[in-house]
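The values are calculated or read from the model by the stated rules, or taken from the named source; none is laboratory data. Predicted model only: the values in this text are computed from it and were never measured. Ideal geometry is used to build each Cβ from the backbone, glycine not excepted, and the neighbour counts take in all protein chains shown. With ligands, DNA and RNA removed, areas are computed over all heavy atoms of the protein, side chains included. Shrake-Rupley method; radii C 1.70, N 1.55, O 1.52, S 1.80 Å.
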Amino acid sequence: LAERVPAVLAVVYLVFNEGYSATAGDDLVRRELTGEAVRLGRLLCELLPDEAEVEGLLALMLLQDSRRDARLDPKGDLVLLEEQDRARWDAAAIAEGTRKLEQALSRGVPGPYQVQAAIAAVHAEAARWEDTDWEQIVQLYDALSGMAPSPVVALNRAAAVAMARGPEAGLRELDRVTGDGARDLEGYVYWHATRADLLSRLGRAEEARAAYRRALELAENAPERRFLAGRLAGLDGSG
């Protein structure tokens, strides 16, 4: 089993991600999938008690899943991280996830899941959105880029740069993703949604509209489609 750990962890995390943010359908969250992924993560920790990345993945899933009740409003519409009621985050899941992350890091064998869990922990530590240590998150994405570079990591890092240093800096980072990475992201809804948000914040309304329209074309999840349509309507209303 130890030889297959990376592949097994990747499958478990795919299951979790499909539950955390469903690619299609009427529901953003599929709790049966996130719950099953967490169960499998705990089982793997029992089977492989000395594997830091196993603990890192469980920590990551627990910390992310702690926000699930705050991610939708009573109508089932998407609530962004910055607007979430943090009192609704699951404190027990955060505490367990933090313990698992500390155990993983104490082994001195860093890996991508541990770094992603550390990013989630920075969010969990902030009592308010305004308290988020975005520069620390950028540094963690720098570390992640060195371990497991990918267009999606570059996108997430650019979003963190935008929060730490302003939308213009974030947009520059997005525009640095070229070649195969840019082609991979062309069909990725969050790439266009992120660009749209940054362009909107910079007052580049027409470009933002085009990016939101492209994101809306790609989105297959109903709550995300409603969110993107609302953002686009807001821009259209602003002239």
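What residue, among those in region 33-68 that are among the acidic types (Asp, Glu) and over 21 Å from the mean Cα position of the chain (by Cα), is farthest from ASN17 (Cα to Cα)?
ASP50
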Task: Tally, over region 203-239, of residues that are touching a residue at least 40 places away in the same chain (Cβ under 8 Å) and among the aliphatic types (A, V, I, L, M) - done: 1
- [ ] Could you list, in sequence order, all residues of region 128-158 that are under 15 Å from the mean Cα position of the chain (by Cα) and among the charged types (D, E, K, R)?
- [x] ARG157
Open item on the list: Restricting to region 59-86, give me the number of residues that are more than 27 Å from LEU228 (Cβ to Cβ) and small (Gly, Ala, Ser).
Closed with: 1
Open item on the list: Out of everything in region 186-202 that is of a type in the set (D, E, K, R) and over 17 Å from the mean Cα position of the chain (by Cα), what residue ends up being surrounded by the most Cβ atoms within 10 Å (Cβ to Cβ)?
Closed with: ARG201
TODO: Would you mind telling me which numbered condition in (1) surrounded by fewer than 15 Cβ atoms within 10 Å (Cβ to Cβ); (2) over 28 Å from GLY76 (Cα atoms); (3) among the small types (Gly, Ala, Ser) GLY230 fails?
DONE: (2)
TODO: For region 141-157, indicate whether the set of residues that are closer than 22 Å to ASP85 by Cβ and either at pLDDT 95 or above or open to solvent by less than 50 Å² (accessible area, probe 1.4 Å) (or both) is non-empty.
DONE: no
Task: Within region 109-127, considering residues that are more than 19 Å from LEU44 (Cα to Cα) and open to solvent by 30 Å² or more (accessible area, probe 1.4 Å), the one nearest to the chain's Cα centre (by Cα) - done: GLU125
- [ ] Find the residue count for region 25-46, including only residues that are more than 15 Å from LEU14 (Cβ to Cβ) and either modelled with pLDDT under 95 or touching a helix residue (DSSP H, G or I) at 6+ places or on another chain (Cβ under 6 Å) (or both).
- [x] 7
Open item on the list: Test of understanding: among GLU168, GLU96, GLU173, which residue is more than 28 Å from ALA24 (Cα to Cα), open to solvent by 70 Å² or more (accessible area, probe 1.4 Å), out of contact with any Cys (no Cβ under 8 Å at 6 or more places or on another chain) and part of a helix (DSSP H, G or I)?
Closed with: GLU168
Open item on the list: I need the full set of residues from region 22-58 which are touching an Asp or Glu at 6+ places or on another chain (Cβ under 8 Å) and either open to solvent by 90 Å² or more (accessible area, probe 1.4 Å) or under 23 Å from PRO223 (Cα atoms) (or both), in order please.
Closed with: THR23, ALA24, GLY25, LEU28, ARG30, LEU33, THR34
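Please indicate, with yes or no, whether at least one residue in region 13-31 is outside any helix (DSSP H, G or I), closer than 17 Å to GLU125 by Cα, in contact (Cβ under 8 Å) with a residue 12 or more places away in the chain and under 16 Å from the mean Cα position of the chain (by Cα).
Among the residues of region 13-31, not one is outside any helix (DSSP H, G or I), closer than 17 Å to GLU125 by Cα, in contact (Cβ under 8 Å) with a residue 12 or more places away in the chain and under 16 Å from the mean Cα position of the chain (by Cα), which makes the answer no.
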Task: Which listed residue, of LEU185, LEU235, LEU174, LEU144, is farther than 28 Å from PRO110 by Cα and hydrophobic (A, V, I, L, M, F, W, C) - done: LEU235
